[in-house]
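Contents: one structure, followed by commentary.
The values are calculated or read from the model by the stated rules, or taken from the named source; none is laboratory data. Because the structure is a prediction, the values reported are computed rather than measured. Here the Cβ positions follow ideal geometry from the backbone for every residue, glycine too, while neighbour counts run over all protein chains shown. These accessible areas exclude ligands, DNA and RNA; they are computed on the full protein's heavy atoms, side chains included. Shrake-Rupley method; radii C 1.70, N 1.55, O 1.52, S 1.80 Å.
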Amino acid sequence: MNSEKLDKGYEPNEVEKRWYGYWEAEGLFEAADVSTKQPFSIVIPPPNVTGVLHMGHAHNNTLQDILCRYRRMQGYNVLWMPGTDHAGIATQNVVEKELAKEGKNRHELGRKEFIKQVWQWRKEYGGLIINQLKRLGASCDWGRERFTMDEGLSRAVRTVFVKLYEDGLIYRGNYIINWCPRCLTALSDLEVEHEDHNGHLYYIKYPFEKGKGGVVVATTRPETMLGDTAVAVNPDDERYDIEEGTTVMLPLMNRKIPIIFDKYVDTRFGTGALKITPAHDPNDFEIGKEHNLDVVKVIGSDGRMNENAGPFQGQDRFVCREKIIEALKVEGLLERVEPYQHSVGHCYRCRTTVEPYLSKQWFVKVKPLADEAIAAVKRGDTRIVPDMWTKTYFDWMNNIRDWCISRQIWWGHRIPAWACEDCGELIVAMDSPAQCHGCGGSTLSQEPDVLDTWFSSALWPFSTMGWPDDADALKTFYPTSVLVTGFDILFFWVARMMMMGLHFMKDVPFRDVYIHALVRDADGKKMSKSKGNVIDPIYVIDKFGTDAFRFTLAAFAAQGRDIKLSEDRIEGYRHFINKLWNASRFSLMHLEDFRCAGSFSHYSKDLSVADRWIFSRLNSVAENVLRALDEYKFNEAAGALYQFVWHEFCDWYLEIVKPVLYDEKPSGRGESGSGQASGVSPHEAALFTLWSTLNQALRLLHPFIPFVTEEIWDKLPGVEGSIMKAQFPVTSSDYRDPEAEDTMDLIMGITSGIRNVRGEMNVPPALFVGGVVQCPDEGVRETLGEHREMIMSLAKLDDLEIAPPGKRPASSATSVYGDNTIFVSLKDIIDFTAEQERLNKEIAKIDKELKGISKKLGNEAFLAKAPPEVVDGVRAKEERFVEKKNKLEKHLAVVKGLGAG
RNA sequence: AGGCACGUAGCUCAGGGGGAGAGCGCUACCUUGACACGGUAGAGGUCCGGGGUUCAAAUCCCCGCGUGCCUACCA
């Protein structure tokens, strides 16, 4: 395989399939339940089993994979626990839609048969997203894949439910909850999405039972008036000088209802009189309880008006609203209508307007659990990154309300509670009880409701690892190292996992929570199917390759800022992958016969300055990558690698070694010449450097772009096995070489100076010209002398003279680098006017800088109060600029003279 | 109504008290034996506005303006 030539362009598709299959077959993703290695664990945020991979998943899982591959290469025992979520409402909706196509509904099928069909559906389509994650390169331990409805996880759910019930943290009762009239189930507060809605405020007159006049109330929902059982005013409101016991007539219903007094009523809103509908508004419900008001339900579970709605029975709630308005107009009781913007809750699954609905539901008493979860973060047991989310977490936890966990659907974990039909006793137990422990009766019926899907997700960090059994995996991997997730499920999931983890495991579920941003479209809009602006990750992978896609996501993953993604950006990073590919292709061509004869120290004495420089740079990149990944700064790590590979390794190093590699007799270089002793030739030293740099760069890059790095690694001589098993590079003081960096800075600076003149003076790239560098410093002259040929090759010179400052060469253009003046000889091709313009422009730039500097140095306070090193720095800078300006001006004079003559 | 972000080159953004940066785009030149998915060079900025702290502010503080998002039972 090694001797194969690489193609000119990188073709990802075949490569990706091949290597993913290999990794899986070799078991490289597998974690060990028992190991001497240090553990590192992540549980995947389980995607909905009905889900299709979208950008959010792609981003989220790319980051997790980067961390897992990174830690694995560092020698950790890595567990990335995969799985899917049964997504109760969503999945039930999907299967019901399937049934509807056949003209059936679930009630015809019956509960048992319906559940069977859902499982069947899951078997057929549920694996889709898992395969898509594989295309992304996700290195999950697939053998451990879990599903929230698995037997083990279901047992965990029942265990938790029973325990919380016994602890008094689960209760059942009649309350106003959020009801979706389409899904026909209760929803938790979080499952309701509020949206601003342009509605109306209707002012309705409720006439006094006795006498003239009446009270005008304002409402946005006139249809609920049919269930009004009182009108409330603030006792301090002087406008309502009304006796206790006064009653008004409820319009359209001809029902007497009392006027009550309650401080809750805001005197500044509307008319200061509030209609009270205890059955259809949570506040009214509370007020109703306090004042012992009747509760009249007028809207049914399907969103239609019920038998209590009199003539409006059977109408849809929104139709009824219109009808009521009409009827009130007829009666002359509609005082006025104002446009009014208010927020309206919608079902997060189907967008139907949610109805506050009185019903008997199960709740978790969250406060005690939340207090623990708050304390844990305060103690630092769990760290939220970036920190700004910590405040959001506290705010929500501090204001948390009880969690409605019962759902009136069939697909999910059925609540483990039974009612005795003989005595009404409620029994909560792990398994179906044989008889009632109240009366001994045996006619028990199980609670029909199932639990909120998030109830089972909340257990995910330990239920997936074998809890409630005393599993090895649990001992090794709990608490998990980090949770990587989007802020959109901070409350839904993260907060609840914290509460459950602390209560049942007596420890937090994760040490770190890394909250990443959202992926948006190129204009910053949220991607959504209805907007039609989604980019399908699989389409992107097919078009640009997984590595390009992953690198893009990582490169844009700056903390706290959303990612605006467009195909153009991914294409840009495909170019990077291709660049790496071609640099490797070049390197491998030369490395075909290379056999590494020892470690760095074997070669170190014989390395050229460029060799030493690239090692030093590599070391600094490794430092940056390690630090950045430890801090979840994926964009910084990706940026450092991009910069290194493209602009240091490719742009400079490869160009510098080309002559060394192509020259069959490289002895002519005469550089860094102490290396006779070990007999390593400059050519060999360069090969070693090339090999070692590429080798380490690949390893640094692998977590980000696993496929292309594995493919190149496979062709790299002198390495064994998968790059996944290679060690992640460590930093080494052996590589650090400030001297080589200084020298290379000088060489690159001079080279750029020459290139700059060439470019600006339109010297054809193919034309070799002569150059002169005048340096006052003898050491610099010596250094440049040693590397004369390197500069000539990089700057396309046919001659390079290095001399002390002296006579200025005629017919040349100039540039200044540090103390050194560069002349590019342009015999016959110099355009004196152009050169004058160029110099003037350059001088103008310097003048601008000098202006700022002299202002600073003219400031007494600055001289007196700024730290001396800062002042010295500014002085030195001034000197440098003045010097540079002088040099340019001198040359300008010469050019002017020549141009004139 | 409260809270949190963000506003830096044409676009997307990094940076975060003492020299304004990157990628893409743009302009000019170049089929050099890894790569035109490339190379070299270049143009381009009141760092949203206004105050304050400081010797020094794009950077810290305050006030605006603008843009996103989240939370909330005022009908």
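Of the strands (runs of 3 or more DSSP E) lying entirely inside the range A:254-365, those containing at least 1 residues that are more than 13 Å from RNA strand B (Cβ to nearest atom) and in contact with a Ser or Thr (Cβ under 7 Å, 6 or more places away or on another chain) span A:255-261, A:355-364. Those residues that are of a type outside the set (D, E, K, R), open to solvent by 70 Å² or more (accessible area, probe 1.4 Å) and farther than 30 Å from A:SER811 by Cα, I need them from the range A:860-891; list them, please. Scanning the range A:860-891 gives A:ALA864, A:PRO868.
Scoring A:GLN408 on the criteria (1) surrounded by fewer than 22 Cβ atoms within 10 Å (Cβ to Cβ); (2) at pLDDT 90 or above; (3) farther than 18 Å from A:SER188 by Cβ leaves a single failure, condition (3). Scanning the range A:176-226 for residues that are more than 30 Å from A:GLU96 (Cβ to Cβ), assigned to a strand (DSSP E or B) and of a type in the set (A, V, I, L, M) yields A:LEU201, A:ILE204, A:VAL215, A:VAL216, A:VAL217, A:ALA218.
Checked against the criterion of being over 30 Å from A:TYR171 (Cβ atoms) and among the small types (Gly, Ala, Ser), the candidates A:ALA373, A:ALA327 yield just one match: A:ALA327. Applying the set (1) open to solvent by 20 Å² or more (accessible area, probe 1.4 Å); (2) part of a helix (DSSP H, G or I); (3) within 14 Å of RNA strand B (Cβ to nearest atom) to A:ALA554 leaves exactly one unmet item: (1). Note on the range A:488-544: residues that are at pLDDT 90 or above, on the phi < 0 side of the Ramachandran plot, more than 13 Å from RNA strand B (Cβ to nearest atom) and of a type outside the set (Phe, Trp, Tyr) total 20.
The single condition among (1) over 24 Å from A:VAL763 (Cα atoms); (2) open to solvent by 70 Å² or more (accessible area, probe 1.4 Å); (3) acidic (Asp, Glu) that A:ASP847 does not meet is (2). For the range A:728-771, a tally of residues being in a helix (DSSP H, G or I), under 22 Å from A:ASP828 (Cβ atoms) and away from RNA strand B (no atom under 13 Å from the Cβ) returns 0.
Is it fair to say A:ASP237 is open to solvent by 10 Å² or more (accessible area, probe 1.4 Å), out of contact with any Cys (no Cβ under 9 Å at 6 or more places or on another chain) and within 13 Å of RNA strand B (Cβ to nearest atom)?
Criteria met by A:ASP237.
The set of residues from the range A:582-613 being open to solvent by less than 10 Å² (accessible area, probe 1.4 Å) and modelled with pLDDT of 90 or more comprises A:ALA583, A:SER584, A:SER587, A:LEU591, A:LEU607, A:SER608, A:VAL609, A:ALA610, A:ASP611, A:TRP613. Restricted to the range A:20-136, the set of helices (runs of 4 or more DSSP H) holding at least 3 residues that are free of Cβ contacts under 8 Å to residues at least 12 places away in the same chain comprises A:88-101, A:106-109, A:111-125.
Here A:GLU191 meets the list (1) surrounded by fewer than 18 Cβ atoms within 10 Å (Cβ to Cβ); (2) under 30 Å from A:VAL296 (Cβ atoms); (3) within 30 Å of the chain's Cα centre (by Cα); (4) not hydrophobic (A, V, I, L, M, F, W, C) almost entirely, failing just condition (1).
When the range A:220-233 is filtered for residues that are under 49 Å from the mean Cα position of the chain (by Cα) and either within 11 Å of RNA strand B (Cβ to nearest atom) or outside the structural domain of A:SER343 (by TED's automatic domain parsing) (or both), the ones remaining, listed by number, are A:THR220, A:ARG221, A:PRO222, A:THR224, A:MET225, A:ASP228, A:ALA232. Counting only residues that are hydroxyl-bearing (Ser, Thr, Tyr) and touching a strand residue (DSSP E or B) at 6+ places or on another chain (Cβ under 6 Å), which one in the range A:246-282 is modelled with the highest pLDDT? Step by step, filter the range A:246-282, then rank; the result is A:THR247. Checked against the criterion of being among the charged types (D, E, K, R) and buried (at least 22 other Cβ atoms within 10 Å of the Cβ), the candidates A:ARG569, A:ARG561, A:ARG496, A:ARG511 yield just one match: A:ARG496.
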